[in-house]
1. Answer with yes or no whether A:A60 is in contact with a Leu (Cβ under 7 Å, 6 or more places away or on another chain), closer than 25 Å to B:T33 by Cα and open to solvent by less than 40 Å² (accessible area, probe 1.4 Å).
2. For the stretch B:52-64, check the following and say yes or no: at least one residue is of a type in the set (V, I, T), in a strand (DSSP E or B) and either over 26 Å from A:G31 (Cα atoms) or facing another protein chain (nearest Cβ under 8 Å) (or both).
3. Does B:L12 satisfy the criteria of being more than 20 Å from the chain's Cα centre (by Cα) and modelled with pLDDT of 95 or more?
There are 2 protein chains.
Amino acid sequence: MTFQVQIKVMPLNDLLDPQGKAVLGGLHNLGLTGIQDVRVGKHITLKIDAANEAAAKEMAETAAKKLLANAVMEFFEIEFVQ
Amino acid sequence: MTFQVQIKVMPLNDLLDPQGKAVLGGLHNLGLTGIQDVRVGKHITLKIDAANEAAAKEMAETAAKKLLANAVMEFFEIEFVQ
């Protein structure tokens with residue numbers, strides 16, 4: 001079976017996010033002063049061929065831990081798309 | 001009121017995603033051969049101060065159209081976090 005999995009990788013909440021700060025400045029320059037905070041991360045969609053959802057989830061977790069996210073600076077969340 | 005909004009910006013489905021292809025190669029090298037396709041985009045969280053949800057949504061849409069997403073190559077989806 002093929003599963004579609006979304007992985008969100010974001011900078012840890014305790015860390016500064018310079019890219020987000022730059023985007024926030026840009027949005028304020030566009031007049032969108034109601035926006036108070038911006039954080040920018042990665043969004044990765046995977047198509048996984050696996051026997052069942054548990055196996056697909058394990059594969060997605062391994063991928064996130066070993067390659068997609070840097071645990072020192074980032075956290076990740078995995079979500080299945082129906 | 002403060003609203004938390006998530007914007008997902010992904011490469012259009014019809015376009016090649018070289019970054020995704022590179023990640024797919026890396027995952028296969030790690031032995032995760034069950035993963036068939038990878039697409040990489042951006043995930044942006046905004047904290048928006050607005051009178052109501054409709055105003056916050058409009059602000060997020062303006063931000064996505066004017067700065068965050070390039071409509072020629074990317075599409076975006078906006079989601080409210082409770």
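1. Answer is yes for this residue.
2. no
3. no
Each row is one residue, and each column tells you yes or no for (1) modelled with pLDDT of 95 or more; (2) farther than 13 Å from A:H43 by Cβ; (3) open to solvent by 40 Å² or more (accessible area, probe 1.4 Å).
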position: B:I7; (1), (2), (3): yes, no, no
position: B:A22; (1), (2), (3): yes, yes, yes
position: B:H43; (1), (2), (3): yes, no, no
position: B:V81; (1), (2), (3): no, yes, yes
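The values are calculated or read from the model by the stated rules, or taken from the named source; none is laboratory data. Quantities reported herein were computed from a predicted structural model and do not represent experimental measurements. Because the Cβ atoms are built from the backbone with ideal geometry, glycine has one as well, and the counts that use them run over all protein chains shown. Heads up: the accessible areas ignore ligands, DNA and RNA and are worked out on the full protein's heavy atoms, side chains in. Shrake-Rupley method; radii C 1.70, N 1.55, O 1.52, S 1.80 Å.
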